[in-house]
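Please read the structure below before turning to the comments.
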Amino acid sequence: MLGGRALKRQLFPFVSCEIPDFDLMRAVNNGMLPRHYMIANAYNRLEGYIGNYLQQEIEAEALTRNLGSFTRFLEVAALCDGEMVNYNNIATDCGVRASTIKEYYNILIETMIGYMLPAYSHVKKRRLIKAPKFYFFDIGIVNYLRNRQNLYPGSADFGQAFEHLIIQELIAYLSYNRSRKQLSYWRTASGYEVDAIIGDAEVAIEVKSVREAQSKHLKGLKALKEEHPHARLIVVSLDETTRILNEVEIWPAKEFLAALWERRIVE
């Protein structure tokens, strides 16, 4: 009935270009929801936010009758954030059927609490993994559900949160710019992986929370390049300066995000 008059738009948390003197470490720890990012320690506000979400979005709308198992599912989904979704394994951890877990994920997606990142599926030589990955819409939510605080470079938890933040920004950028290029990830059956693929392998991005990207961090990108020689290869890291390493662009995270929103990474 509203054909031509109803437009769908999605509003994301803060993105880096909206924040003067953007603080990467604060974003990784607090997330990018405005009231959470703006304070030194967002734990209490995150606690209230998660509680209100469960009560208002799940209980009040009666999207699920088993609130207890859904609460457990949220915790398990947070533990699996940024990983390939295996419905059977998560169902075992939660004590419910795999079909119920699929429905729970649908609830998160429909209420815009998270999104599936599809696997890149244009097969050329190597056999590809096709399972999607799931990301909550803000890294602060994952930090609270996983009870992790004071993340610092060098820890595994920081690396996971850092990757999530970059993916979060890429999703927001493509949406705000109404891009038709799909964001996906690439993984082969033999274990090569690239964190983010934009479009038809036009840009391939690996996220590494290291102070200095080295050749050993480029294996996935190099494997992808063999099948997609036109791809622009990028590593986002904690390096201090932008440089080229074996035909791969090494970008410090803040400089990469600035270039992204200036449309220098993808149109």
Problem - Matching entry among Ser175, Ser184, Ser190 (being farther than 25 Å from Phe136 by Cα and either assigned to a helix (DSSP H, G or I) or touching a residue at least 60 places away in the same chain (Cβ under 8 Å) (or both)) - result: Ser190
Exercise for the section: Could you tell me which of the residues Arg264, Arg243, Arg187 is loosely packed, with under 15 Cβ neighbours inside 10 Å and more than 24 Å from Asp21 (Cβ to Cβ)? Expected result: Arg243
Problem - Residues of the stretch 82-128 that turn out to be farther than 27 Å from Ile171 by Cα and part of a loop (DSSP other than H, G, I, E, B), as a count - result: 4
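Residue by residue through the stretch 229-267, note down the ones that are part of a loop (DSSP other than H, G, I, E, B) and either among the acidic types (Asp, Glu) or touching a strand residue (DSSP E or B) at 6+ places or on another chain (Cβ under 8 Å) (or both).
If we filter the stretch 229-267 for residues that are part of a loop (DSSP other than H, G, I, E, B), which is where we start, we get 229-231, 238-242, 246-247, 262-267.
Result: Ala231, Leu238, Asp239, Glu240, Thr241, Thr242, Glu247, Glu262, Ile265, Val266, Glu267.
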Exercise for the section: Just give me the residues in the stretch 145-156 being outside any loop (DSSP other than H, G, I, E, B) and either at pLDDT 95 or above or more than 11 Å from Leu79 (Cα to Cα) (or both), in sequence order. Expected result: Ala156
Exercise for the section: With the checklist (1) surrounded by fewer than 16 Cβ atoms within 10 Å (Cβ to Cβ); (2) under 23 Å from Pro13 (Cβ atoms) in hand, flag the one item Arg97 doesn't pass. Expected result: (2)
Practice task
Go over the candidates Gly191, Gly220 one by one and state the one that is of a type in the set (Gly, Ala, Ser) and modelled with pLDDT of 95 or more.
Solution key: Gly220
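Any chance the stretch 60-70 includes a residue that's at pLDDT 90 or above, over 20 Å from the mean Cα position of the chain (by Cα) and not in a helix (DSSP H, G or I)?
No.
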Exercise for the section: Any residue in the stretch 12-34 that's touching a residue at least 12 places away in the same chain (Cβ under 8 Å) and farther than 9 Å from Asp138 by Cβ: show its pairings with residues that are of a type in the set (S, T, N, Q) and buried (at least 20 other Cβ atoms within 10 Å of the Cβ) at Cβ separation under 7 Å, as long as the two are six or more apart or on different chains. Expected result: Phe22/Ser16; Asn29/Asn143
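If you go through the stretch 106-128 one residue at a time, do you hit one that is among the basic types (Lys, Arg) and surrounded by 15 or more Cβ atoms within 10 Å (Cβ to Cβ)? Don't jump to the end; show me each part of the working.
As a first pass, look at the stretch 106-128 and keep what is among the basic types (Lys, Arg): 124-127.
With the extra rule that they be surrounded by 15 or more Cβ atoms within 10 Å (Cβ to Cβ), the set shrinks to 126.
So far as the stretch 106-128 goes, yes, one or more of its residues are among the basic types (Lys, Arg) and surrounded by 15 or more Cβ atoms within 10 Å (Cβ to Cβ).
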Problem - Qualifying position, being of a type outside the set (Ser, Thr, Tyr) and assigned to a helix (DSSP H, G or I), among Glu206, Glu226 - result: Glu226
Problem - Failed item in (1) assigned to a loop (DSSP other than H, G, I, E, B); (2) at pLDDT 95 or above, with Asn29 passing the rest - result: (1)
Practice task
Kindly indicate the residue of the stretch 1-26 that is surrounded by 11 or more Cβ atoms within 10 Å (Cβ to Cβ) and part of a loop (DSSP other than H, G, I, E, B) and also modelled with the lowest pLDDT among those meeting that condition.
Solution key: Gln10
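The values are calculated or read from the model by the stated rules, or taken from the named source; none is laboratory data. What you see is a predicted model, and the numbers here were worked out from it, not measured in a lab. All Cβ positions, even for glycine, are placed from backbone atoms using ideal geometry, and neighbour counts span all protein chains on display.
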